[in-house]
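Read the figures in this text as sums done on the coordinates, not as results from a lab. This structure is a prediction, so every number in the text was calculated from the model and none was measured. Cβ placement follows ideal geometry from the backbone for every residue including glycine, while neighbour counts extend to all protein chains displayed.
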Amino acid sequence: MKPYRFVRSLAPEEEREVEDFFRHGPNARTRRRAQAVRLSAKQYTVPEIADILGCNPQSVHNWLTAFESRGVEGLIEKPRSGRPVTATPDYRTRLVEAVQADPRALGYPFSVWTVTRLRAHVARETGILLGDSRVRQIMKEEGLVFKRPKHTLAEKRDQKAFAEVQAILDHLKKSPWNQVPE
């Protein structure tokens, strides 16, 4: 690995293309690679470029090699291998539809969705079971706002007794604290 390696001399057209990729590249990684080529063309050394961009010198060498062999197309990141996306577009669509629907209308005994209930419902429909955090992430990506439900027992209390106790409490709040009985 030569620390004083520089990219070949750039033709004016190549220089414009690199500058365009640096300013308007499709993503930050591509813009960063274009920056490395620009700096190398200005006679910055590989260690200096690596220090400026905060990366490994070997990465800079790889970027310069890719540029020299394929031009600006060599700066574009190739697709990476990895696990296929589990949440299909159909899954996302059904999740959005479920969030917007009333759970009771879908035959459930509750009136408020939770993430756990949502993921179970969509799993029944699609056969894809994701974790709570992934469902929250998809909801955020789809622009859905999630608020944890606040469960109360208000509908189960005796309203008449509750009103009587409230009246007593209101009376006590208005009376002086140090009242002496007569």
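The figures follow:
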| read-out | value |
| --- | --- |
| For the chain, calculated [θ]222 nm from helices alone, where every DSSP H run of n ≥ 4 adds -39500 (n - 2.57) | -17000 deg cm²/dmol |
| Per-residue Cβ neighbour rank within 10 angstrom, fewest leading, VAL135, VAL122 | VAL135, VAL122 |
| On Cα atoms only, tilt of 89-100 relative to the major axis of the chain in degrees | 30 degrees |
| Listed values (i) 70, 54, 25; (ii) 101, 53, 28; (iii) 50, 41, 26, entry calculated as Cα extents along the principal axes in Å | (ii) |
| Sequence ranges 16-24, 104-112, ranked by mean other-Cβ count within 10 angstrom, highest first | 16-24, 104-112 |
| Dipole magnitude (debye, nearest 20) for the range 29-118, charges at Cβ of Lys, Arg, Asp, Glu | 40 debye |
| The chain: Lys pairs at Cα distance under 28 angstrom, eight or more positions apart or on different chains | 11 |
| Set of the range 80-116 residues, backbone N closer than 11 Å to the point 7 Å along the Cα-Cβ line of PHE146 | 114-116 |
